[in-house]
């Protein structure tokens, strides 16, 4: 069991930021993102240590799949996410001055609002490609699409978010 | 109007979003503490004779007058046990630092003559550890395999193995330069350790571990073997011994220096 804990601990450290950000950008609430993110890892841990007969072939894909399902359940219960301002959001760089901090939060607000208003697949490809640095092939596997279909989807997602930002 | 690269730059601003560090740590601990209910391995009824064991202990402790001595003995048993268990520990295990500390403390008492043997012993230990780690990884279910840090630890162990081989070779060269070669006892010990290294190397390589060569050591052994052969050639040998010497020379050409040294010892000091 100790081996499993160590291994999963490393998986947690590697993916926690990505999964949290993925969920946050969809639900736009820190509390909800924390709850759903912790639920994602808990469910994955239970499978990982062998509580169910399922095997995890690709841990990254599994985590995203669980996260997406939980977000879908969340939407069902709470309607689509409300856009909330970024005042209470943890940012990486604590040392920037107040003016820069305000500018950064304004940018974050604008972009996250634009992405939150997109449909699910567009959100996913943008987050995976430009924030999580996944390859087109990896994104295709996550979505169950071919590479060319994924490129087309990405192109459409970029166009959609550009339209939102220019409105 | 945003071009694509400007737009992507805007999107990447969202990389700034991250969870609170305290929450990350608390959540990790909470998740990893999830375990099944512990088995009732004692098979003891919770409110029956469960008090018997603690009661016996309490009576023993209170009636025993020499508590400090008893406490010292317990500590000694624990430490001995810890050292004992530590010998089979691997990198990443709780007692592994104890094992390494014990090795370092041994090194203080090693004489110059004993250094080649000591280095080869330590090299063997590192190789055994790398093999054991690979065995552990290979026996796990597919979903587990090796976690990233584990492979790095194994690679570090292999590097230490190679460093110890080089050290052993260096000390042998030094011994060779200072005297006319290592003494019989040292040769016997080197043969033993070198054979062990070869066996462990084969085990490790079967599990996919890239151990690397032991060229430094082989080069030094080659020099020692050559000198021993030259010494034997100057000696008067009977017919059987001559035949053995010819075989030894052939084996020397094959490069199996540990085997050759063993044969030289048999030739020089035949068993009754």
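Please order B:244, B:133 by the number of other Cβ within 10 Å, starting at the fewest.
Working: B:244 18, B:133 23.
In increasing order of surrounding Cβ atoms, one gets B:244, B:133.
Taking the centroid of alpha carbons for each part, region A:1-47 and region B:65-109 are 38 Å apart. Per-residue Cβ neighbour counts within 10 Å put A:100, B:153 in the sequence A:100, B:153, beginning with the fewest. Which shape class applies to region B:218-258: rounded if a/c is under 1.5, otherwise prolate when a/b exceeds b/c and oblate if not, where a ≥ b ≥ c are the square roots of the Cα gyration tensor eigenvalues? Oblate shape, in that a/c is at least 1.5 and b/c is the bigger or equal ratio.
Region B:206-272 and region A:108-167 have Cα centres spaced 69 Å apart. In terms of surrounding Cβ atoms within a 10 Å radius of their Cβ, B:23, A:45, A:128 rank from fewest to most as B:23, A:45, A:128.
Computed from the coordinates by the stated procedures, all read-outs in this text should not be read as laboratory data. Since the model is a prediction, treat every value here as computed from it, not as a measurement. Glycine also receives a Cβ, built like all others from the backbone with ideal geometry; neighbour counts cover every protein chain displayed.
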